[in-house]
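For reference, the structure is listed below as structure tokens.
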Amino acid sequence: MFKPVMLALSLTVSASAFAAPSNEPIQPIQPAKVTNQAKVELGKQLFFDPRLSKSGFISCNSCHNLSMGGSDNLPSSIGHNWQQGPINSPTVLNSSLNLAQFWDGRAADLKEQAGGPIANPMEMGFTHTLAVDVLQSIPQYRESFKKVYGKNAIDIDQVTDAIAAFEETLVTPNSRFDQWLKGDKKALNKDELAGYQLFKDVGCTACHNGSAVGGNSFQKMGLVEPYATQNPAEGVAGLTGNDADRMKFKVPTLRNVELTYPYFHDGAYWNLEEAVDVMARLQLGRKLEQKQIAQITAFLKTLTGEQPSFALPILPPSTAKTPRPQPFN
Ligand code: HEC
Ligand code: HEC
């Protein structure tokens, strides 16, 4: 007797759940679904633990500072021994939405990516074996890994898996733009809305679309007019050796772009308005008026979402067996 009622009810619920405007090129960010809280907590500790670096000083958070939009706000990062990094550090916020990781996409996913920086001599300057030795020497870490992975020994695969699980929670839902997408027409003001209309009309959405407003294709930087830069990075061509891939980079997400200056793979532009002007000219052959640039920029700032928020993880102390950090060489 209750069946028809239940059916009607569930139909109503699912219809409204999918009522988000599907005719827009940008979709709202979905909140993270945590299935294994213990794994996420472990990954969070590892993300903040500088003992995964040779110096004992550099953590993932050093270059992907979660207090600063998941980036370091530097043109290129500072690595082990104050080395200058080769390229701008992209945000880790919403990076789970990327089709691949790194500017050239050389890592397939977050788990594969996370192994890179630990052993990169220019970043954390360590080795996977030593990083695992450090963790293995700390009883609380041994316990946490055992609880999550059910094994007696820690390995690098578990380390990168836990970090990736934490990174998957670093999404930024509920931006003003997403509120607008979901039907709150008051969430944007007139200029912001005009900026979104321009963003679509001039063709930005050809490359910046989907829920991350980017992150889902590789495109040539300087499609219409070449990009002048001192940075030697060649993009995807660095991997394929293919001339057609020169200056092809993963289209960055524009979510939280207001927080992730300076812009472009060389970090050459500090001002979002200038970056918008460069994009319109180099990618679309359009010289926008100052007012249009200001409106697009106003729209871009509505893409700043709720930043991940949690208690700062407290890291278990080292022991007598923990390999000592080597901060000065
Ligand atoms: C010394 C600075 C530095 C440290 C430390 C560092 N990263 Fe990065 N990270 C970068 C830079 C620079 C890039 C871009 C490199 C490239 O694309 O060639 C990057 C790229 C990434 C990306 C890809 C994002 C995207 O949009 O493609 C992720 C995810 C990431 N790092 C996570 C981590 C994690 C997890 C750690 C700790 C294990 C870490 N990083 C440590 C500087 C750093
Ligand atoms: C043909 C594809 C394409 C089009 C069209 C395009 N972009 Fe981009 N956009 C990219 C790529 C690729 C990058 C990264 C380039 C680099 O760093 O060298 C980028 C980077 C950016 C950045 C810097 C993000 C960061 O974190 O560094 C902003 C801002 C941006 N685009 C805004 C726009 C706007 C606004 C428009 C329209 C006027 C637009 N883009 C049109 C491909 C495109």
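Structure notes:
- Hey, V213 in contact with a Ser or Thr (Cβ under 7 Å, 6 or more places away or on another chain) and crowded, with 20+ Cβ neighbours inside 10 Å or not: yes
- Matching entry among Q83, Q101, Q113, Q136 (being within 9 Å of ligand 1 (Cβ to nearest atom) and surrounded by fewer than 21 Cβ atoms within 10 Å (Cβ to Cβ)): Q83
- Taking the listed residues L282, L272, the one that is buried (at least 18 other Cβ atoms within 10 Å of the Cβ), of a type outside the set (S, T, Y) and near ligand 2 (Cβ under 8 Å from one of its atoms) is L272, with no other qualifying.
- For the stretch 30-75, the candidate set comprises residues that are within 16 Å of ligand 2 (Cβ to nearest atom) and among the polar types (S, T, N, Q); within that set, the residue that is farthest from T172 (Cα to Cα) is N73.
- Pairs linking a residue in the stretch 82-111 that is under 13 Å from T253 (Cβ atoms) to a residue that is more than 7 Å from ligand 1 (Cβ to nearest atom) and of a type in the set (D, E, K, R), with Cβ atoms under 7 Å and 6 or more positions apart or on different chains, are L93/R255; N94/R255; S96/E168; Q101/D109.
- On the stretch given as the stretch 225-249, residues that are at positive phi and without any contact (Cβ under 8 Å) to a residue 24 or more places away in the chain total 1.
- Answer residue from the stretch 268-326, given it is in contact with a Pro (Cβ under 8 Å, 6 or more places away or on another chain) and outside any loop (DSSP other than H, G, I, E, B) and is farthest from F166 (Cα to Cα) among those: L282
- Checking the stretch 236-248 against the condition returns no match, with no residue being crowded, with 18+ Cβ neighbours inside 10 Å and of a type in the set (S, T, N, Q).
Quick grid of which residues meet (1) at pLDDT 95 or above; (2) outside any loop (DSSP other than H, G, I, E, B); (3) surrounded by 19 or more Cβ atoms within 10 Å (Cβ to Cβ); (4) acidic (D, E):
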{"site": "M6", "(1), (2), (3), (4)": "no, yes, no, no"}
{"site": "T12", "(1), (2), (3), (4)": "no, yes, no, no"}
{"site": "A19", "(1), (2), (3), (4)": "no, no, no, no"}
{"site": "G43", "(1), (2), (3), (4)": "yes, yes, yes, no"}
{"site": "F47", "(1), (2), (3), (4)": "yes, yes, yes, no"}
{"site": "I58", "(1), (2), (3), (4)": "yes, no, yes, no"}
{"site": "M68", "(1), (2), (3), (4)": "yes, no, no, no"}
{"site": "N73", "(1), (2), (3), (4)": "yes, no, no, no"}
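- Taking every residue in the stretch 262-290 that is on the phi < 0 side of the Ramachandran plot and in contact (Cβ under 8 Å) with a residue 24 or more places away in the chain and pairing it with any residue that is of a type in the set (D, E) and more than 8 Å from ligand 2 (Cβ to nearest atom), at least 6 positions away or on another chain, the pairs with Cβ-Cβ distances below 7 Å are L272/E258; R281/E225; L282/E225; L288/D277.
- Taking the numbered list (1) near ligand 2 (Cβ under 9 Å from one of its atoms); (2) closer than 23 Å to N73 by Cα; (3) surrounded by 18 or more Cβ atoms within 10 Å (Cβ to Cβ) in turn, N231 passes all entries but (3).
- A residue that is part of a helix (DSSP H, G or I), under 25 Å from G115 (Cβ atoms) and either touching a His at 6+ places or on another chain (Cβ under 9 Å) or within 13 Å of ligand 1 (Cβ to nearest atom) (or both) occurs nowhere in the stretch 191-203.
The rows are residues; the columns are (1) more than 17 Å from the chain's Cα centre (by Cα); (2) at pLDDT 95 or above.
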site: N81; (1), (2): yes, no
site: I87; (1), (2): no, yes
site: L99; (1), (2): no, yes
site: D109; (1), (2): no, yes
site: F145; (1), (2): yes, yes
site: A165; (1), (2): no, yes
site: L170; (1), (2): no, yes
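The values are calculated or read from the model by the stated rules, or taken from the named source; none is laboratory data. All of these numbers come straight from a predicted model, not from anything done at the bench. Positions of Cβ are backbone-derived with ideal geometry, glycine not excepted, and every protein chain shown enters the neighbour counts.
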